[in-house]
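Since the structure comes first, as structure tokens, the remarks are kept for the end.
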Amino acid sequence: MSNPTLELTEAQIAVHWKEEDYLYAIPEFIAQANLKDPSVSKRFSLDNFPQCFDEYAELLTWFRKWDKTLDSSNPPFWKWFTGGTLNASYNCIDRHLKTHKGKAAFIFVPELESEPTITITYQELYNRVNEVAALLRDFCGLKAGDRVTIHMPLVPELPITMLACARLGVIHSVVFGGFSGVACGQRVADSGSHVLVSMDGYYRSGQPIDHKEKVDIAVTTALAEGQRVDKCLIWRRHEGKYLSNTPMVDERDYFMEDVLANYKGQVVAPVPMPAEAPLFLMYTSGTTAKPKGCQHSTGGYLAYVTGTAKYILDIHQEDIYWCMADIGWITGHSYIVYGPLSLGTTNVMYEGVPTYPDAGRPWRIAERLGVNIFHTAPTAIRMLRKVGPDEPLKYNHQFKLMVTVGEPIEPEVWRWYYNTVGRKEAVIVDTWWQTETGGFLCSTKPALDPMKAGSAGPGVPGIHPVIYDEERNELPPGRAGNICIRNPWPGIFQTIWKDPDRFVKTYYAKYCKDPESKDWRDWPYFAGDGALCAPDGYYRILGRVDDVINVAGHRLGTKELESACLVVGEIAEAAVVPVADDARGRVPEIYVALKPGVTATPAIEKAVVNNLENLIGKIARPKSVRIVPDMPKTRSGKIMRRVLAAISNHLPVGDVTTLANPEVVEQIRVMVQGEDPVVEAKDVGDDIRNFGDEK
Ligand code: WT7
């Protein structure tokens, strides 16, 4: 970081995606907020660490209270609330029955608008979870500590199954429904699950999808890796119907509703679990080597997601909360299931794609159900803005708080969310965190901190971020580096399942001050993201450290480049990848998708180049601008920059079959490389080869 040209570029980064003006929550919001006492910053300062987190643990109901807030005697394997016992299912269900058993826990909205909405009260949730728990225990022989893999779409039976596991202390491993049978099977094998819970089918863009067909593939894949699956439990999307073409396998596959008939009305006592017992595994979406099973705890995790759901999502008893994420991702685990249910919240759950049958669907749902807290990701916001920029104006939904999560949000997109979706009334929280971290790390406190488009905000209460350079120096505000967290917190994952060495190596080794040390201060958590702290203490996340393009020794954040592209009015989406260049090391190549009805012209390409040069500098001049029909995307909607980088660099694109739109990859390849595949065996360097990789 002593290279002066590097500093210059960082200054440029700060200039071209300039610090936006503050925006303040409206007085009505502030008046009702859960967290409006500014003393929270003092309460959660490092001076009060780790005791500050008792405030979150006290939001839970414990069978036995904890003896010690944090046992940090074996870094970095932190143990929170040791000596305490609790049950997650009890906290999410049973404890609400006394006060509001008739309240809706879930309002399920099927994708087909002709299908009725289904409401599940807390009492019904209790009944159904107990019956499933009885089945898992008595029919499958499962007990505390066993693992179960759940590969399901977004339907109420998914959280019901998760909570039934939690009731028994069984560790669930939910695999996102959009993943392939092979991906599921690998996770079954790694977790050592003997039971796989799945579903016959579900709806996507109005069409029934055969999901059960993945079960056979998963079972075969797991077996090839040495793991036998004894039982596959199959939920059905419609009672008495079967949406799959795959036959049920005798003595292995069972319809849930058939077996459940034997457990009608059964009640299972929630098993008191030690606070540090694992609650679930969540595999990070693996594109490279083996996926990592992030192991989350019961007490620390539940306390953390409950506390942050209360303070950052500002959930109150009377709120109607809708998180559009899939429960198959960490966002759904923490901020659909565990955090909100622990607070006794009404959750809206929508089965399908946000733009089905049209771009007004989310606003229609929100209006009809009275949703006042709305939670989604930039990718969805961009898509809704692209296909229906004026749709929100046609509905009378009213949000008090809106959430964005998952990737940096361009100020252009943020402003549409704020002005058009939220009507300048809703507070936005841009929450930065990860599968590994269990809950939020950076976000504004909605009633206390003003919003700033494009910035996540300061560390949330009790989270103390720091920016380091590659040589472990702490960087001052304005300098980009690696964002780390100085201290442990209750939501942090415990380890990588069966791979503690990889856990230490990936997240702690880089910035550990002394591997022999037993002091938590020597073990900052390395998040793997580039970030920049502004003088006001707000963090702007630049993306994964491998998403940074190094042009002639200058670091350019891809998000900054993309944001500049989006300023061009015709452009809906932009992705930037590094291309190896003899002279400059790396040059950015730009891929853009246009708004509907806009025709590709050289003028648009020119406008992009002009914007990059004008907003960032000549250093950002791209090799070329490619106007593509669509971006290659994962099922969860992330743009696969890795695939684009491979095409731009004439590298093999690898397996793209799990993408949402694999066909577009070949179209783009031909556009860039011509008809014949041009794959060159050259060593381009790790930054390009690993570019855009999910961890
Ligand atoms: C990575 C984690 C957190 C749940 C969903 C994603 C990026 C996440 C933000 C944000 C900028 C963000 C980071 C992080 N990210 N939230 N608000 N602003 N970047 O979980 O799949 O584990 O991905 O997503 O790069 O490291 P994940």
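Values in this text are rule-based calculations from the coordinates and carry no lab data. The structure displayed is predicted, hence computed values, not measured ones. Because the Cβ atoms are built from the backbone with ideal geometry, glycine has one as well, and the counts that use them run over all protein chains shown.
Annotations for the structure displayed:
- Residue order for Cys140, Cys165, fewest other beta carbons within 10 angstrom first, comes to Cys140, Cys165.
- Ordering Met640, Met631, Met256, Met248 by the number of other Cβ atoms within 10 Å of each residue's own Cβ, fewest first, gives Met248, Met256, Met631, Met640.
- Dipole magnitude for region 130-260: computed about the Cα centre from +1 point charges on Lys and Arg Cβ and -1 point charges on Asp and Glu Cβ, it is near 340 debye.
- For the chain, the antiparallel share of DSSP beta bridges with both residues in that region comes to about 55%.
- Residues Lys292, Lys386, ranked from the fewest to the most other C-beta atoms within 10 Å, line up as Lys386, Lys292.
- The value of relative contact order for region 367-411, using C-alpha pairs under 8 Å at least six residues apart, is 62 percent.
- Karplus-derived 3J(HN,Hα), 6.51/-1.76/1.60, for each residue of region 66-80, Hz, glycine and proline x: 5, 8, 10, 5, 9, 9, 10, 6, 10, x, x, 9, 6, 10, 9
- Adding -39500 (n - 2.57) for every DSSP H run of four residues or longer, then dividing by how many residues the chain holds, sets the calculated 222 nm ellipticity at -7500 deg cm²/dmol.
- Summarising the amide proton neighbourhood of Val174: residues at separation of 5 or more, or on other chains, whose placed amide H is nearer than 5 Å comprise Ile150, Leu281.
- Environment charge of Tyr56, counting only residues whose C-beta is closer than 12 Å and scoring Lys/Arg +1, Asp/Glu -1: -1
- Summed residue charge, Cβ within 11 Å of His296's Cβ, Lys/Arg positive, Asp/Glu negative: -2
- For region 409-455, GluC sites (Glu not before Pro) are listed when DSSP marks them as loop and at most 15 other Cβ atoms sit within 10 Å of their Cβ; the list is Glu425.
- Inter-part distance where region 586-650 and region 651-683 are each reduced to a Cα centre, Å: 16 Å
- The amide H of Gly543, built 1.01 Å from its N in the peptide plane, has Gly530 as neighbours under 5 Å, considering only residues 5 or more places off or on other chains.
- Total formal charge among the other residues, if their Cβ is under 14 angstrom from that of Val249, Lys/Arg +1 and Asp/Glu -1: -2
- Under 5 Å between amide hydrogens, built in the peptide plane, is the criterion, and for Met349 it picks out Ile107, Phe108, Val109 among residues at least 5 positions away or on other chains.
- Relative contact order (%) - the chain, alpha-carbon pairs under 8 angstrom, separation at least six: 13 percent
- The alpha carbon centroids of region 338-407 and region 428-466 are separated by 20 Å.
- Nearest-ten-degree value, helix 378-387 long axis tilted from longest Cα axis of the chain: 70 degrees
- Relative contact order of region 348-425, pairs being alpha-carbon contacts under 8 Å that are 6 or more residues apart, as %: 34 percent
- Along region 226-243 the Karplus relation, 6.51 cos²θ - 1.76 cosθ + 1.60 evaluated at θ = phi - 60°, assigns HN-Hα couplings of x, 10, 8, 9, 7, 9, 10, 9, 10, 6, 10, 5, 10, 4, x, 10, 10, 7 Hz to successive residues, with x for each Gly and Pro.
- Across region 263-279, coupling constants 3J(HN,Hα) worked out from phi with the 6.51/-1.76/1.60 Karplus curve, θ = phi - 60°, read 10, 3, x, 6, 10, 10, 5, x, 7, x, 10, x, 3, 8, 5, x, 9 Hz, and Gly and Pro carry x.
- Overall, the anisotropy analysis places region 251-366 in the rounded class: the square-rooted eigenvalues a ≥ b ≥ c of its C-alpha gyration tensor yield a/c less than 1.5.
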